[in-house]
1. When only residues in the range 32-57 that are in contact with a strand residue (DSSP E or B) (Cβ under 7 Å, 6 or more places away or on another chain) and outside any strand (DSSP E or B) count, which is farthest from residue 108 (Cα to Cα)?
2. Show the residue pairs meeting these rules: Cβ distance below 8 Å; 6+ apart or different chains; first residue within the range 21-41 and more than 19 Å from residue 125 (Cα to Cα); second residue of a type in the set (Lys, Arg).
3. Looking at the range 100-118, which of its residues are over 15 Å from residue 33 (Cβ atoms) and in contact (Cβ under 8 Å) with a residue 12 or more places away in the chain?
4. Please verify whether the range 126-137 includes one or more residues that are surrounded by 11 or more Cβ atoms within 10 Å (Cβ to Cβ), assigned to a strand (DSSP E or B) and modelled with pLDDT under 95.
5. Among the candidates 66, 60, which residue alone is in contact (Cβ under 8 Å) with a residue 40 or more places away in the chain, over 24 Å from residue 17 (Cα atoms), aliphatic (A, V, I, L, M) and part of a strand (DSSP E or B)?
6. Please verify whether residue 136 is in contact with a helix residue (DSSP H, G or I) (Cβ under 6 Å, 6 or more places away or on another chain) and of a type in the set (A, V, I, L, M), treating the condition exactly as stated.
7. Evaluate the following for residue 77: is it of a type in the set (S, T, N, Q) and surrounded by fewer than 14 Cβ atoms within 10 Å (Cβ to Cβ)?
8. So residue 80 ticks every box in (1) among the charged types (D, E, K, R); (2) closer than 20 Å to residue 10 by Cα; (3) in a strand (DSSP E or B) but one. Which box is left unticked?
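The values are calculated or read from the model by the stated rules, or taken from the named source; none is laboratory data. Note that the coordinates shown come from a computational prediction; the quantities given were computed from them, not determined experimentally. We place every Cβ from the backbone using ideal geometry, glycine too, and count neighbours over all the protein chains shown.
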Amino acid sequence: MILAMSSGFVLDVGDLLTHPGRTRPVEVAGPIDAAIEHARVAGPVVVRLRLEGLTDGVFAKGVIEAPIHLVCNRCLTEWDEELVLEMKQLFARDLAEDIYRVEDQSIDLENPIRDEVFLVLPLVSICRESCLGLCATCGADLNTSPCQGHDEEEASPFALLKDLLPD
């Protein structure tokens, strides 16, 4: 097994390019910068792959594991989870624009790993399905205690209109 340094995800695959059908396991680990509004990768990503040499490139198949930090979109509760997902990626020598390339007998796994992680990070994180969120007036967490109500009326330019309508 080959372990890439945490400074990058570049692997030498010259031995696989010259012997189609040959396989080898690899494990790479390092930081990935992947974050959206309420979800981000919180530590080093570990990737375990089996690389297979092809006549015109390399096929990588394996598992990505990453700790992620999430913030609930309703109540702002923070928590950590372990993200585990499958990765299958072709690296080719040809010049196709939508394929990751083999360059100088090496492949760079960083962009494919980041792309796979971005695809599964939740756009809206919810701590639990029954989350009640925060009170819109005082900001109290409605999951921990019910809001005691508010004696003050809202300062709204439309507050005068309520007197025009019958109860």
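1. Only one residue tops the list, namely 38.
2. Correct list of pairs: 23/50; 24/50; 25/48; 25/50; 26/48; 26/50; 27/48; 32/114.
3. 100, 102, 105, 106, 107
4. The answer is yes; a qualifying residue exists.
5. Just a single option satisfies the conditions, and that option is 66.
6. When the stated conditions are applied, residue 136 does not pass them.
7. no
8. Single failed check for residue 80: (2).
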